[in-house]
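Visitor: One structure coming up, written as structure tokens, with questions to follow.
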Amino acid sequence: MTTTRPAPGALAEPVDRMGRGWTAALALANGAIWVGWYGPLQILLASQAEDFAPGSGMSKETMLAWVTGVGAVVSLAANPLFGALSDRTTSRHGRRTPWIVAGAAGGALSLLLLGAADGVWWMVLGWCLVQLTLNAAFAAVTAAVPDRVPRLQRGSVGGWLGAAQILGVVGGTALATVAGGVGAGYVACAVFTALGVLPYVGRYEDLRLAPQDRPAWSWRGFLSGFWLSPRRYPDLGWAWLTRFLMNLSNALVLLYLLYYLRDRLHHADPDEGVLILTAVNGVTLLATVVVGGVWSDRLGRRKPFVIWSGVLMAVATAGLAVWQTWPGAIVAAAVLGVGFGVFTSVDFALMTDVLPKALDRGKDLGIINVANALPQAAAPALAAPIVTYLGGYRVLYLVAAVIGLAGAVLVRRIRGVD
């Protein structure tokens, strides 16, 4: 096993820059987790909903909304829970590695179960298990950054994690599209998810928490730790709200993209259209995600990058409402990628800058990551009635643009970060 020079202890503020190999391996592990999420979210769950909806009393849109919404609720609890458990882990393999291994293996098995679903209830169960297990791995992967990376390297490392995230989204979508059916798509995503974490857990030694540094166990103390008072930690509260609004806007764009192409634009091959738009978005995101993070590190500033990336994303989302053509969708996907690329890397660095305590990095990042998962629950509840009763896709994307713009403006309320 390769070792990088560790910090003085698991709870110390890191000072030594991490090497490219460590960053690449962690980014690959992150990308593998996103393959496991977005192969289903972009293609496979929508295809299953379309198959299972006839005779169920639900439309395909409503069924998809229920499945993704229930899974998102599981994610809301799972991410901070497993983050807190990893904070307290004193394994000889470190605090984070055991949870990355268990989460990725469990996620792969859950994807296989989901692929074998023959009705909506098995579909719900399978997706909930996918969310539960992959969030265990994701909580540990993200917590590894403040554990090991000094503050003025976190923008660039966050950029590489963001690049891996979008490659995971594109890769999951591609695997689901070209594998040759729903079942084969789930198998392909499961295999990639399991194998993608191996370079990190196999080559790099995790920091170990000394048993004497672990706080004494009590249910009351453990549960009360999940409440981070916005009054006591206002910067963390505003940072959380900013991330929630930006991700809610993005979730509203992505959730019904397949149906938007099929039912509104009447695209000849909507599955292929989703893949093309995802690829266009991925190319422009990759062009900015690392650059934005590195630039933010060099300037030592975060908020201006988040503000202007949010404005750009809002403009792109509004474009889907006013220019409802296939070329318009391509342009919107490209512009959205530019904005979301900068936001992904710089926002991640900003979040690590406002964490209150080293002992609770995993748990606190898990609570922050709720702002990624909660939009998955809120978006279906908001989008389904808008599409069905309140004006269709034009109104949906205008609402999404306003929400994203609000997130960009509110980042100015964070006082402790330049």
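The values are calculated or read from the model by the stated rules, or taken from the named source; none is laboratory data. Computed from a prediction, not measured in an experiment: that's the story for all the values here. Cβ placement follows ideal geometry from the backbone for every residue including glycine, while neighbour counts extend to all protein chains displayed. For accessibility, only protein heavy atoms count, side chains too; no ligands or nucleic acids. Shrake-Rupley method; radii C 1.70, N 1.55, O 1.52, S 1.80 Å.
Visitor: Rg and Dmax of segment 291-389, using alpha carbons, in Å: what are they?
Guide: Considering segment 291-389 through its Cα atoms, Rg and Dmax are 16.5, 50 Å.
Visitor: While we're here: Provide the per residue accessible area, probe 1.4 Å, for the chain, rounded to a whole number of square angstrom.
Guide: On a per-residue basis, 40 Å².
Visitor: Can you give me the span-like helices of the chain, meaning DSSP H runs with 18 Å or more of Cα extent along the axis and Kyte-Doolittle mean at or above 1.0?
Guide: Correct list, ordered by number: 97-115, 120-148, 154-178, 182-196, 270-299, 303-322, 326-353, 392-410.
Visitor: Mind grabbing the base-10 log of I(q)/I(0) for segment 151-222 at q = 0.23, 0.25, 0.28 Å⁻¹? Debye formula, identical points on the C-alpha positions, no solvent, two decimal places.
Guide: -1.03, -1.10, -1.19
Visitor: Hey, another quick one. Would you please put 108-121, 327-340 in order of how densely packed they are, using the mean number of other Cβ atoms within 10 angstrom per residue and starting with the highest? Each step should come with its number before you reach the end.
Guide: Values: 108-121: 18.4, 327-340: 21.0.
Descending packing order for the listed peptides: 327-340, 108-121.
Visitor: For the chain, with only Lys/Arg (+1) and Asp/Glu (-1) charged at the beta-carbon, what is the dipole magnitude about the Cα centre, in debye rounded to 20?
Guide: Numbers: 31 positive and 22 negative charges, 297 e Å.
Using only the charged Cβ atoms, the result is roughly 1420 debye.
Visitor: What is the gain in length, in nm to one decimal, between Arg151 and Ala77 on full extension, counting 0.36 nm per residue of separation less the C-alpha to C-alpha distance? Intermediate values should be presented prior to the final figure.
Guide: Values: separation 74, 0.36 × 74 = 26.64 nm, distance 2.77 nm.
Net length gain for the segment: 23.9 nm.
Visitor: For the chain, take the convex hull of the Cα atoms, compute a quarter of its surface area, and give me that in nm², please.
Guide: On the way: hull surface 74.9 nm².
For the Cα atoms of the chain, the hull's average projected area reads 18.7 nm².
Visitor: Seen from all sides and averaged, what is the projected area of the convex hull of the Cα atoms in segment 82-178, in nm²?
Guide: Working: hull surface 29.8 nm².
It is 7.5 nm².
Visitor: Sort the following peptides by mean Cβ neighbour count (other Cβ atoms within 10 Å, averaged over residues), highest first: 171-179, 31-39.
Guide: Working: 171-179: 22.1, 31-39: 27.4.
The most tightly packed comes first, giving 31-39, 171-179.
Visitor: How much length is gained on full extension from Arg232 to Val191, taking 0.36 nm per residue of separation minus their Cα-Cα distance? Kindly include the intermediate steps, with their values, before the conclusion.
Guide: Details: separation 41, 0.36 × 41 = 14.76 nm, distance 4.37 nm.
That works out to 10.4 nm of additional length.
Visitor: Compactness ratio of segment 34-108: Cα Rg over 2.2 N^0.38 Å, N = residue count? List each step's numbers first, then the result.
Guide: Numbers: Rg = 16.5 Å, N = 75, 2.2 N^0.38 = 11.3 Å.
My calculation over the Cα atoms of segment 34-108 gives 1.46.
Visitor: Would you mind calculating the relative contact order of the chain from Cα pairs under 8 angstrom and at least 6 residues apart, reporting the percent as a whole number? Spell out each step's value before the answer.
Guide: Working: 819 pairs, mean separation 113.0, N = 418.
In percent, rounded to a whole number, it is 27.
Visitor: What percent do you get for the relative contact order of segment 100-214 when only Cα pairs under 8 Å and 6+ apart count? Walk me through the intermediate numbers first.
Guide: Values: 96 pairs, mean separation 41.9, N = 115.
After rounding, I find 36 percent.
Visitor: Let me ask another. Can you pull the percent of segment 253-357's accessible area that's carbon plus sulfur, 1.4 Å probe, other chains left in place? Let's see the in-between values first.
Guide: Values: 2720 of 3930 Å².
In segment 253-357, the share of accessible area belonging to carbon and sulfur is 69 percent.
Visitor: Just to confirm a number: summing +1 for Lys and Arg and -1 for Asp and Glu over residues other than Ser59 whose beta-carbon lies under 14 angstrom from that of Ser59, what do you get?
Guide: -2
Visitor: Here's another thing I want to ask about it. How do 256-263, 368-375 rank on mean C-beta neighbours within 10 Å, highest first?
Guide: Numbers: 256-263: 20.9, 368-375: 23.2.
Order by mean packing, descending: 368-375, 256-263.
Visitor: Defining a contact as two alpha carbons under 8 Å apart and six or more residues distant in sequence, what relative contact order in percent does segment 228-324 show? Please report the intermediate quantities before stating the final value.
Guide: Numbers: 25 pairs, mean separation 18.2, N = 97.
Once normalised by length, the contact order is 19 percent.
Visitor: Give me the percent of accessible area attributable to carbon and sulfur for segment 366-411, probe 1.4 angstrom.
Guide: Details: 1290 of 1650 Å².
Solvent-exposed carbon and sulfur of segment 366-411 make up 78 percent of the total.
Visitor: To continue, here is another question. Please compute the volume of the convex hull spanned by the alpha-carbon atoms of segment 194-261 and report it per residue in Å³. Don't skip to the end; give the middle numbers.
Guide: Numbers: hull volume 15.1 nm³, N = 68.
It is 222 Å³ per residue.
Visitor: OK, next. Given the C-alpha atoms of segment 186-227, compute the convex hull and give its volume per residue in Å³.
Guide: Details: hull volume 6.1 nm³, N = 42.
So the per-residue hull volume is 146 Å³.
Visitor: Rounded to the nearest 500 deg cm²/dmol, what is the calculated helix-only ellipticity per residue at 222 nm for the chain, with -39500 (n - 2.57) per DSSP H run of length n ≥ 4? Walk me through the numbers on the way to the answer.
Guide: Working: 15 runs with 304 residues, N = 418.
Only helices count here, giving -25000 deg cm²/dmol.
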